[in-house]
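Bear in mind these aren't lab numbers, they're just calculated from the coordinates by the rules spelled out. Remember, predicted model here, so these are calculated numbers, not experimental data. In this analysis, Cβ positions are derived from the backbone assuming ideal geometry, glycine residues included, and neighbour counts consider all displayed protein chains.
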Amino acid sequence: MSDSESEAGVSPPSGKAGGVPEPAPVLNARGLVKSFLSGKQRLEVLRGVDLDVVAGESVSIRGESGSGKSTLLNLLAGLDSPDTGSLAWSGEPVAADRRAAFLGMVFQSFYLIPEIDALANVLMAARIGGKLGGRERERGRELLARVGLSERGHHLPAELSGGERQRVALARALMNSPKLILADEPTGNLDEHTGDAVIELLLGLCAETKTALVLVTHNVAHAKKTQRSLFLHEGVLR
Amino acid sequence: MPWYLYLALKQLFPTGRRFPFFTAISILGVALGVAVLIIATSVMGGFGQKVREMTVDTQGDVQVRAEGLIENPAELQAQLAKIPGVVATTPFAEGPVGILFENKPQFPGLQGIDVTRVDKVVPIQRYIHYGTLDDLDDDSIILGSQLAIALGARVGNKVSIYSPLLWEKLNTNEIPIPRELRVVGYFEFGHQGLDSSVALVTLREMQDLYGLGHGVHGINIKIARGLDADMMAARINATFPPQAHLRARSWLDINQDFLFVLQFEKNMMFFLLMFIVVVAAFSVTSSLLISVVRKTREIGLLGALGGKPRHVAACFCFQGFLIGVGGTIVGLLLGFGFLHVRDDIVRIFTEITQSEAALERFYQFSHLPAYSDPAYVTAVIICTIVITTLAGLLPAWRAARLRPVEALRSE
């Protein structure tokens, strides 16, 4: 674990000197506790996680297998609810209705819909968000071009390589101009070279669009590329 | 288009795939059910309509009979003609006789008709395929086509008629002398029962053969187009004094048992054949359930992207609906296509099995009639679409119950 990991804690980077106010956190988690029943035994996976992420910031979370990284990400995404603790997106309570507009998600297994082509997969986020017009279609094409797939928009996922599929997933995550992207081991199914390229692209896109990023990864090198690197150990972020 | 409808369409008709196998099989299953329903109800409807047409064409819309004979038919006809809605009337007499030609006997029913008036009530001329009503006089007879074949009698031949009066003459030791009538034509209703067991003579001849004097057995009535036959029968009955012992009955009333059986058979066939659609719907349910299991992680993704459970459910329900609509359209095309060429198909089938004569004898008609009742077609369309949409409910419910976090984690 690097020094920055051990010292970073869960606070956002401090604001500039001279009394400039810190930017409002996009994500604000306080005291998240989550436990599961395993047989008759209750396993406490998260034991009071605090995390603030501000706009445009990139944070990586590492941890051993089974340490609860994905559980934490699901809580942050509002897909699961904590036993105790509070969570806010841009200062407001988490609501399923806000998810499409507020956050984008990238998964290890891409999860592209196989029956529709790459562009339609990207536009699916806008469809579910309830706004798909000419501007969104144009943005979808631009995003595909930005991830280097302008010529592959009408290809089905089955016709794309793993790296290409993940790039489509990145474009989909950015489609609704979210404030936060949650990426759960996005390079887990890719070779090292492709994985590096995908992380570079993800970080670059988030920086360009001032989108906050929470990246769950096993890869130390990828973690080091984020502005803040945290380690989940025994249910607590350090 | 809402995302769940878009996705339902894409899951049924994936981009870039010309032949979506699951969709095609599901639609075909439903289509076969619809086609069989359309064919069966239309053919049953055709039989029913043919029988109805034939009944009206031979009996008129309303028939008046007395307990015994109607002794003064002219007076009664004049009285009937004054009733609003009555267009024309014609008297008739009827009864069984023996017909002999070259030692071949047949025992048909003989109908005595008023040749000057009958065509105003029942369009018998339409069914006379050889000769005309004008050829019929007191010394002639028109045979049903099958009866003529059974007797071997042709136009110009003379046949001997033995009426029941002749048996009475035997009792009084008189020598029974049959009436000799010349065959002047054949009629063919297309109904084997009528064509083989009915012959037409003039009313006067029938009155003579049965010793009726001027009496008749009944009066057939044609009513104005669009009027209800039952209502007209009731209106006519209201004009009869109780002591007249006359009773008017509509053709619907006279044949109510037979018509009920026809309708009951049609309804039962509709009900039973609808199970084909139900079975097809179960296969749609099964396929969609497999789809839900196979796409568990995609369903999780939809939730993660912000899709609501009810919209996920709508996606699968809409697939059932689309299969129902597609199956109904294809089924209607198949069904009506079959009906369009039904006679060719039946002809080929009967030629192969050499069963044309048996078919005619058994089913009474020389061709396969069909009438597609709009009410039944509508019922088939609505029932099929409702059933297949319901078939999507269970998979939809399963999909909606999936929690995104668990669905995304599933292997």
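The figures follow:
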| read-out | value |
| --- | --- |
| Relative contact order for region B:86-223, counting Cα pairs under 8 Å that sit 6 or more residues apart, in percent | 40 percent |
| Tail weight of P(r) past 16 Å, computed on alpha-carbon pairs of region B:166-245, percent | 74 percent |
| Neighbour-limited loop hits for trypsin sites (Lys or Arg not before Pro), region B:116-189 (at most 14 other Cβ within 10 Å; DSSP other than H, G, I, E, B) | B:Arg154 |
| Proximal lysines relative to B:Lys158, as straight alpha-carbon distance under 18 Å, when same-chain residues fewer than 8 apart are discounted | B:Lys104 |
| Relative contact order of chain B, pairs being alpha-carbon contacts under 8 Å that are 6 or more residues apart, as % | 28 percent |
| Helix B:256-294 axis, angle to chain B major axis (alpha carbon atoms, nearest 10°) | 10 degrees |
| Efficiency of FRET from Cβ geometry, B:Gln256 and B:Lys169, R₀ 45 Å, rounded to 0.05 | 0.70 |
| Cα-based Rg / Dmax (Å) for chain B | 31.4, 107 |
| Using a Förster distance of 22 Å, the FRET efficiency for B:Ile382-B:Phe13 (Cβ separation, nearest 0.05) | 0.35 |
| On Cα atoms only, tilt of B:374-391 relative to the major axis of chain B in degrees | 20 degrees |
| Separation of the B:Lys120 and A:Ala88 label points, Cα + 7 Å toward Cβ, nm | 9.8 nm |
| Cα gyration tensor category, rounded, prolate or oblate, for region B:86-223 with a/c compared to 1.5 | oblate |
| Given A:Lys131/B:Lys308; A:Lys179/A:Lys225; B:Lys82/B:Lys222; A:Lys210/B:Lys308; A:Lys34/A:Lys69; A:Lys69/A:Lys210, the pairs whose alpha carbons are separated by over 18 Å | A:Lys179/A:Lys225; A:Lys210/B:Lys308; A:Lys69/A:Lys210 |
| Rough spin-label spacing in nm, given labels placed 7 Å along Cα→Cβ, for B:Thr132 and A:Glu159 | 7.5 nm |
| Check: region B:86-223 dipole with +1 on Lys, Arg Cβ and -1 on Asp, Glu Cβ, in debye | 220 debye |
| Candidates A:Leu202, A:Leu132, A:Leu76, ranked by Gaussian network fluctuation over chain A, Cα under 10 Å, top entry | A:Leu132 |
| Backbone HN-Hα couplings from phi across region A:48-61 [Karplus 6.51/-1.76/1.60, Hz, Gly and Pro as x] | x, 8, 10, 7, 10, 10, 9, 4, x, 7, 10, 10, 10, 10 |
| Descending Cα extents along the principal axes, the protein assembly as shown, whole Å | 141, 55, 52 |
| Residues in region B:239-274 reached by a label modelled at B:Asp373 [backbone nitrogen below 17 Å; 7 Å Cα→Cβ] | B:252-253, B:255-274 |
| Potential extension, B:Ala244-B:Val341 segment - 0.36 nm per residue separation minus Cα distance | 29.6 nm |
